[in-house]
Amino acid sequence: HDLFPPDVAQAFDAGVRRVLATGDVVLSENRVELNGRPAWFSNVLQPIRDRQGRIEAVQGIVRDITRLKSAEEALRENENRLTQAVRIADIGIFEHDHIGGTLHRSAEHREIFGLYDETISDRIFLEADGQPPAFLASVHPDDRESLWTAMKRGLQPATGMLDVEFRYLHPTRGIRWLALRAQTF
(Lines give C-alpha, C1' and ligand atoms only; values in the text may rest on other atoms or scores of the structure.)
Protein backbone atom coordinates (compact mmCIF):
# COMPACT_ATOMS: atom_id res chain seq x y z
CA HIS A 1 0.00 0.00 0.00
CA ASP A 2 2.98 2.31 0.47
CA LEU A 3 4.39 1.58 -2.98
CA PHE A 4 1.36 1.82 -5.27
CA PRO A 5 -1.70 4.00 -5.77
CA PRO A 6 -4.78 2.86 -3.81
CA ASP A 7 -6.54 1.26 -6.80
CA VAL A 8 -3.47 -0.82 -7.70
CA ALA A 9 -2.91 -1.81 -4.07
CA GLN A 10 -6.57 -2.85 -3.77
CA ALA A 11 -6.31 -4.94 -6.95
CA PHE A 12 -3.16 -6.57 -5.57
CA ASP A 13 -4.96 -7.37 -2.29
CA ALA A 14 -7.93 -8.80 -4.22
CA GLY A 15 -5.49 -11.00 -6.15
CA VAL A 16 -3.92 -12.27 -2.91
CA ARG A 17 -7.38 -13.08 -1.52
CA ARG A 18 -8.27 -14.93 -4.73
CA VAL A 19 -5.08 -17.02 -4.56
CA LEU A 20 -5.78 -17.88 -0.93
CA ALA A 21 -9.41 -18.80 -1.67
CA THR A 22 -8.94 -20.73 -4.92
CA GLY A 23 -5.28 -21.63 -5.30
CA ASP A 24 -5.29 -19.98 -8.74
CA VAL A 25 -2.27 -18.19 -10.12
CA VAL A 26 -3.18 -14.55 -10.76
CA LEU A 27 -1.48 -12.59 -13.54
CA SER A 28 -1.97 -8.87 -14.07
CA GLU A 29 -0.42 -5.77 -15.57
CA ASN A 30 -0.89 -2.34 -14.06
CA ARG A 31 -0.13 1.16 -15.28
CA VAL A 32 0.73 3.60 -12.53
CA GLU A 33 2.07 7.12 -12.22
CA LEU A 34 5.41 7.30 -10.41
CA ASN A 35 6.93 10.73 -9.90
CA GLY A 36 4.58 12.08 -12.56
CA ARG A 37 5.65 9.53 -15.17
CA PRO A 38 3.80 6.46 -16.38
CA ALA A 39 5.18 3.08 -15.31
CA TRP A 40 4.02 -0.46 -15.99
CA PHE A 41 4.31 -3.47 -13.71
CA SER A 42 3.65 -7.15 -14.35
CA ASN A 43 2.43 -9.09 -11.33
CA VAL A 44 2.32 -12.81 -10.66
CA LEU A 45 0.61 -14.08 -7.51
CA GLN A 46 0.89 -17.78 -6.79
CA PRO A 47 0.20 -20.05 -3.83
CA ILE A 48 2.90 -21.61 -1.72
CA ARG A 49 1.72 -24.90 -0.26
CA ASP A 50 2.80 -27.00 2.70
CA ARG A 51 3.48 -30.75 2.47
CA GLN A 52 -0.25 -31.50 2.76
CA GLY A 53 -1.05 -29.19 -0.16
CA ARG A 54 -2.62 -26.45 1.96
CA ILE A 55 -1.89 -22.88 1.00
CA GLU A 56 0.32 -21.35 3.66
CA ALA A 57 1.47 -18.22 1.85
CA VAL A 58 1.20 -16.25 -1.38
CA GLN A 59 4.26 -15.40 -3.38
CA GLY A 60 4.12 -12.19 -5.37
CA ILE A 61 6.53 -11.35 -8.16
CA VAL A 62 6.44 -7.82 -9.51
CA ARG A 63 8.45 -6.83 -12.58
CA ASP A 64 8.92 -3.37 -14.02
CA ILE A 65 7.86 -3.73 -17.68
CA THR A 66 7.87 -0.01 -18.51
CA ARG A 67 10.58 -0.38 -21.18
CA LEU A 68 8.71 -3.29 -22.77
CA LYS A 69 5.45 -1.31 -22.89
CA SER A 70 7.30 1.72 -24.32
CA ALA A 71 8.82 -0.49 -27.02
CA GLU A 72 5.40 -1.99 -27.81
CA GLU A 73 3.90 1.50 -28.11
CA ALA A 74 6.76 2.66 -30.37
CA LEU A 75 6.25 -0.43 -32.54
CA ARG A 76 2.50 0.29 -32.81
CA GLU A 77 3.23 3.90 -33.78
CA ASN A 78 5.74 2.78 -36.44
CA GLU A 79 3.27 0.23 -37.80
CA ASN A 80 0.62 2.96 -38.02
CA ARG A 81 3.07 5.25 -39.84
CA LEU A 82 4.00 2.47 -42.26
CA THR A 83 0.34 1.66 -42.88
CA GLN A 84 -0.35 5.34 -43.62
CA ALA A 85 2.67 5.60 -45.93
CA VAL A 86 1.66 2.45 -47.82
CA ARG A 87 -1.90 3.71 -48.20
CA ILE A 88 -0.85 7.19 -49.34
CA ALA A 89 1.80 5.86 -51.76
CA ASP A 90 -0.68 3.36 -53.21
CA ILE A 91 1.65 0.43 -52.59
CA GLY A 92 0.17 -3.05 -52.46
CA ILE A 93 1.80 -5.57 -50.15
CA PHE A 94 1.54 -9.33 -50.36
CA GLU A 95 3.10 -12.28 -48.62
CA HIS A 96 2.94 -15.80 -49.99
CA ASP A 97 3.89 -18.78 -47.83
CA HIS A 98 5.34 -21.14 -50.46
CA ILE A 99 5.23 -24.12 -48.09
CA GLY A 100 1.76 -23.63 -46.60
CA GLY A 101 0.31 -22.16 -49.79
CA THR A 102 -1.31 -19.20 -48.01
CA LEU A 103 -1.47 -15.71 -49.43
CA HIS A 104 -1.95 -12.48 -47.50
CA ARG A 105 -2.64 -9.30 -49.45
CA SER A 106 -3.21 -5.75 -48.32
CA ALA A 107 -6.34 -3.84 -49.28
CA GLU A 108 -4.12 -1.69 -51.53
CA HIS A 109 -2.90 -4.80 -53.36
CA ARG A 110 -6.50 -5.86 -53.99
CA GLU A 111 -7.31 -2.33 -55.18
CA ILE A 112 -4.35 -2.24 -57.60
CA PHE A 113 -5.48 -5.47 -59.24
CA GLY A 114 -9.19 -4.66 -59.01
CA LEU A 115 -9.90 -7.99 -57.32
CA TYR A 116 -11.87 -7.44 -54.14
CA ASP A 117 -13.34 -10.85 -53.32
CA GLU A 118 -10.47 -12.34 -51.30
CA THR A 119 -11.58 -15.96 -51.58
CA ILE A 120 -11.64 -15.77 -55.37
CA SER A 121 -8.74 -13.41 -55.97
CA ASP A 122 -6.35 -15.27 -53.65
CA ARG A 123 -6.74 -18.40 -55.77
CA ILE A 124 -6.11 -16.32 -58.89
CA PHE A 125 -2.67 -15.31 -57.60
CA LEU A 126 -1.54 -18.81 -56.62
CA GLU A 127 0.04 -21.12 -59.16
CA ALA A 128 -1.07 -24.73 -59.39
CA ASP A 129 1.53 -27.47 -59.89
CA GLY A 130 4.04 -25.22 -61.62
CA GLN A 131 1.42 -23.71 -63.92
CA PRO A 132 1.13 -19.93 -64.31
CA PRO A 133 -1.30 -18.27 -61.89
CA ALA A 134 -4.68 -17.32 -63.33
CA PHE A 135 -4.07 -13.59 -62.87
CA LEU A 136 -1.59 -13.70 -65.80
CA ALA A 137 -4.66 -13.80 -68.07
CA SER A 138 -5.19 -10.17 -67.02
CA VAL A 139 -1.62 -9.20 -67.90
CA HIS A 140 -1.04 -7.59 -71.29
CA PRO A 141 -0.38 -10.44 -73.77
CA ASP A 142 3.03 -8.98 -74.71
CA ASP A 143 4.15 -9.08 -71.05
CA ARG A 144 2.83 -12.47 -69.87
CA GLU A 145 5.80 -14.64 -70.79
CA SER A 146 8.43 -12.26 -69.41
CA LEU A 147 6.44 -11.80 -66.18
CA TRP A 148 5.97 -15.55 -65.72
CA THR A 149 9.70 -16.14 -66.36
CA ALA A 150 10.60 -13.43 -63.83
CA MET A 151 8.16 -14.89 -61.29
CA LYS A 152 9.65 -18.40 -61.60
CA ARG A 153 13.16 -16.96 -61.24
CA GLY A 154 12.01 -14.97 -58.19
CA LEU A 155 10.80 -18.14 -56.48
CA GLN A 156 14.23 -19.76 -56.59
CA PRO A 157 16.03 -19.79 -53.23
CA ALA A 158 19.39 -18.96 -54.87
CA THR A 159 18.18 -15.83 -56.69
CA GLY A 160 14.97 -15.07 -54.85
CA MET A 161 14.54 -11.57 -56.27
CA LEU A 162 11.69 -10.39 -58.44
CA ASP A 163 11.90 -6.95 -60.00
CA VAL A 164 9.73 -6.52 -63.07
CA GLU A 165 7.42 -4.00 -64.71
CA PHE A 166 4.43 -5.06 -66.76
CA ARG A 167 1.10 -3.89 -68.12
CA TYR A 168 -1.99 -5.08 -66.31
CA LEU A 169 -5.51 -5.02 -67.73
CA HIS A 170 -7.42 -3.60 -64.76
CA PRO A 171 -11.12 -4.57 -64.84
CA THR A 172 -12.33 -0.96 -64.52
CA ARG A 173 -9.28 1.28 -65.11
CA GLY A 174 -7.92 -0.14 -68.35
CA ILE A 175 -4.24 -0.77 -68.97
CA ARG A 176 -2.06 0.04 -65.94
CA TRP A 177 1.72 -0.16 -65.69
CA LEU A 178 2.73 -1.99 -62.52
CA ALA A 179 6.12 -2.50 -60.90
CA LEU A 180 6.41 -5.75 -58.97
CA ARG A 181 9.24 -6.10 -56.47
CA ALA A 182 9.51 -9.13 -54.19
CA GLN A 183 12.06 -11.31 -52.45
CA THR A 184 11.82 -14.99 -51.58
CA PHE A 185 13.14 -16.02 -48.18
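Observations on the model:
- A 1.4 Å probe run over the protein chains yields, for the chain, 70 Å² of accessible area per residue, whole-number rounding.
- Residue order by solvent-accessible surface for Lys152, Lys69 is Lys152, Lys69, largest first, with ligands and nucleic acids left out and a 1.4 Å probe.
- A dipole drawn for the chain from +1 and -1 charges on Cβ atoms has a positive end, and of Pro157, Phe113, Ala39 the residue lying farthest that way is Ala39.
- Our analysis of the chain gives Rg over Rh at 1.27, with the two radii drawn from alpha carbon positions and Rh computed by the Kirkwood formula.
- Only DSSP H runs of four or more residues enter the estimate; each adds -39500 (n - 2.57), and after division by the residues of the chain the mean residue ellipticity at 222 nm equals -11500 deg cm²/dmol.
- Of all accessible heavy-atom area on the chain, the percent that carbon and sulfur account for (1.4 Å): 53
- A 1.4 Å probe over all protein chains sorts His96, His140, His170, His1 by accessible area into His1, His96, His140, His170, starting with the largest.
- Compared with the dominant Cα axis of the chain, that is its longest principal axis, helix 66-89 is turned about 20°.
- The solvent-accessible area of Met151, taken with every protein chain present and a 1.4 Å probe, is close to 30 Å².
- Listed peptides 54-61, 37-44 by packing density, highest first (mean Cβ within 10 Å): 37-44, 54-61
- Here the Gaussian network model covers the chain, with springs between Cα atoms less than 10 Å apart; of Arg173, Arg110, Arg81, Arg173 fluctuates the most.
- Semi-axes of the equivalent ellipsoid of the stretch 8-52 are 27, 9, 7 Å, computed as sqrt(5λ) over the eigenvalues of the C-alpha gyration tensor in descending order.
The values are calculated or read from the model by the stated rules, or taken from the named source; none is laboratory data. Predicted model, so just to flag it, every value in this text is computed and none were measured. Note that we place each Cβ from the backbone using ideal geometry, even for glycine, and neighbour counts take in every protein chain shown. Heads up: the accessible areas ignore ligands, DNA and RNA and are worked out on the full protein's heavy atoms, side chains in. Shrake-Rupley method; radii C 1.70, N 1.55, O 1.52, S 1.80 Å.
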